[in-house]
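A.B. asks: Following this message is one structure expressed as structure tokens.
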């Protein structure tokens, strides 16, 4: 789990992730969940707390879910489902994290090597047992419409996101608010090959602490838009309680992504009307 408060930017390690989820939490702020497999990162963070819907996304990949504390609901999910999701909470694994001189709570970091050591110490599997439900293609769909940019307006302007297609790199340069996004680890531009806009129902949930917590309906089905190769492809997602999310195109065929990094924007259904796509 990676912080996305303005005070936490630029983050460390996002450019090394194979998949990055970007989702609302409470108060109009967003947070990232980075999925690492093919590359290691020498610094990751700032690490933040768990939310239940991020746990479900981690289950899609049989991933070890790394976090620092969490909402009461999220911690309950982790405690009650140890065979379905392996959690690595900083509260119980402090030696594998460190705090910088940045102000809390934007000061907690770790590394791929430390997390691997923590997993080995706790006998957690590092073997990928869940394959992605999408395929890959190096070509582009000639019948797809152009997608040169996508603007996602969040209620807080500094959370709003713009993706601009870069024809030189065949990827989508990412901007947050008015600032181009870079990885503080290596200065690399955040520019995924694929951007998935996934629309799901969201609602406020019981919240005794009155933090404004929300949840998403992850089981069921809904619409998505894939931006890849400068093209836009409409599709569907579906998920059962016992299986990973399945991504398909409008004809029900396996969704084909370009090789490279994928950003998944999980968005409330009503956002679809406000997103601005430029062809």
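A.B. asks: Going residue by residue through region 224-240, is there one that turns out to be touching a strand residue (DSSP E or B) at 6+ places or on another chain (Cβ under 6 Å), in a helix (DSSP H, G or I) and touching a residue at least 60 places away in the same chain (Cβ under 8 Å)?
C.D. replies: no
A.B. asks: I would also like to ask the following. Given (1) in the same structural domain as residue 143 (by the TED database); (2) surrounded by fewer than 22 Cβ atoms within 10 Å (Cβ to Cβ); (3) within 25 Å of residue 25 (Cα to Cα), where does residue 227 come up short, assuming only one miss?
C.D. replies: The failed condition is (2).
A.B. asks: Looking at region 190-205, which of the residues that are surrounded by fewer than 19 Cβ atoms within 10 Å (Cβ to Cβ) and touching a residue at least 40 places away in the same chain (Cβ under 8 Å) is nearest to residue 153 (Cα to Cα)?
C.D. replies: For region 190-205, the residue satisfying everything is 201.
A.B. asks: Another question, if that's okay. Among the residues in region 158-166, are any over 17 Å from residue 226 (Cβ atoms), surrounded by fewer than 19 Cβ atoms within 10 Å (Cβ to Cβ), in contact with a helix residue (DSSP H, G or I) (Cβ under 7 Å, 6 or more places away or on another chain) and not assigned by the TED database to the domain that holds residue 27?
C.D. replies: Looking for residues that are over 17 Å from residue 226 (Cβ atoms), surrounded by fewer than 19 Cβ atoms within 10 Å (Cβ to Cβ), in contact with a helix residue (DSSP H, G or I) (Cβ under 7 Å, 6 or more places away or on another chain) and not assigned by the TED database to the domain that holds residue 27, one finds at least one in region 158-166, hence yes.
A.B. asks: I'm trying to understand the selection: among the residues of region 33-61, which are in contact with a helix residue (DSSP H, G or I) (Cβ under 7 Å, 6 or more places away or on another chain) and assigned to a helix (DSSP H, G or I)?
C.D. replies: 52, 55, listed by residue number.
A.B. asks: Shifting gears a bit: Would you confirm whether any residue within region 213-220 is in a loop (DSSP other than H, G, I, E, B), out of contact with any helix residue (DSSP H, G or I) (no Cβ under 6 Å at 6 or more places or on another chain) and closer than 16 Å to residue 57 by Cβ?
C.D. replies: yes
A.B. asks: A follow-up question, please. Can you pull out the residues in region 14-32 that are more than 14 Å from residue 63 (Cβ to Cβ) and not in a strand (DSSP E or B)?
C.D. replies: Residues satisfying the conditions are 14, 15, 16, 25, 26, 27, 28, 29.
A.B. asks: Then there's this: Out of curiosity, is residue 260 more than 16 Å from the chain's Cα centre (by Cα) and either surrounded by fewer than 20 Cβ atoms within 10 Å (Cβ to Cβ) or closer than 30 Å to residue 139 by Cβ (or both)?
C.D. replies: Considered against the rule, which asks whether it is more than 16 Å from the chain's Cα centre (by Cα) and either surrounded by fewer than 20 Cβ atoms within 10 Å (Cβ to Cβ) or closer than 30 Å to residue 139 by Cβ (or both), residue 260 comes out as no.
A.B. asks: Of all residues in region 69-84, count the ones that are under 22 Å from residue 13 (Cβ atoms) and out of contact with any strand residue (DSSP E or B) (no Cβ under 6 Å at 6 or more places or on another chain).
C.D. replies: 1
A.B. asks: How many of the residues in region 62-117 are touching a helix residue (DSSP H, G or I) at 6+ places or on another chain (Cβ under 6 Å) and part of a helix (DSSP H, G or I)?
C.D. replies: Qualifying residue count, region 62-117: 5.
A.B. asks: Right, here's the next one. Please determine whether any residue of region 69-87 is on the phi < 0 side of the Ramachandran plot, more than 14 Å from the chain's Cα centre (by Cα) and either modelled with pLDDT of 95 or more or not assigned by the TED database to the domain that holds residue 108 (or both).
C.D. replies: The answer is no, given that none of the residues of region 69-87 is on the phi < 0 side of the Ramachandran plot, more than 14 Å from the chain's Cα centre (by Cα) and either modelled with pLDDT of 95 or more or not assigned by the TED database to the domain that holds residue 108 (or both).
A.B. asks: Continuing with the same structure: Being in a loop (DSSP other than H, G, I, E, B) and modelled with pLDDT of 90 or more is the filter here, so list the residues in region 184-212 that pass it.
C.D. replies: Residues satisfying the conditions are 184, 185, 186, 187, 188, 190, 191, 192, 193, 201.
A.B. asks: Would you say residue 278 is surrounded by fewer than 21 Cβ atoms within 10 Å (Cβ to Cβ), touching a residue at least 24 places away in the same chain (Cβ under 8 Å) and closer than 22 Å to residue 144 by Cα?
C.D. replies: So residue 278 passes the test.
A.B. asks: Which of the residues that make up region 115-125 are surrounded by fewer than 19 Cβ atoms within 10 Å (Cβ to Cβ) and either closer than 17 Å to residue 36 by Cα or touching a strand residue (DSSP E or B) at 6+ places or on another chain (Cβ under 9 Å) (or both)?
C.D. replies: Across region 115-125, the qualifying residues are 116, 117, 119, 120, 122, 124, 125.
A.B. asks: OK, next. Can you tell me which residue in region 34-54 is surrounded by the most Cβ atoms within 10 Å (Cβ to Cβ), limited to those that are within 12 Å of the chain's Cα centre (by Cα) and over 14 Å from residue 214 (Cα atoms)?
C.D. replies: 34
A.B. asks: Which condition from (1) surrounded by 15 or more Cβ atoms within 10 Å (Cβ to Cβ); (2) free of Cβ contacts under 8 Å to residues at least 40 places away in the same chain; (3) closer than 17 Å to residue 225 by Cα is the one that residue 142 breaks?
C.D. replies: Single failed check for residue 142: (1).
The values are calculated or read from the model by the stated rules, or taken from the named source; none is laboratory data. These numbers were taken from a predicted model, which means no experiment stands behind them. Quick reminder, even Gly has a Cβ in these numbers, built from the backbone with ideal geometry, and neighbours come from all protein chains shown.
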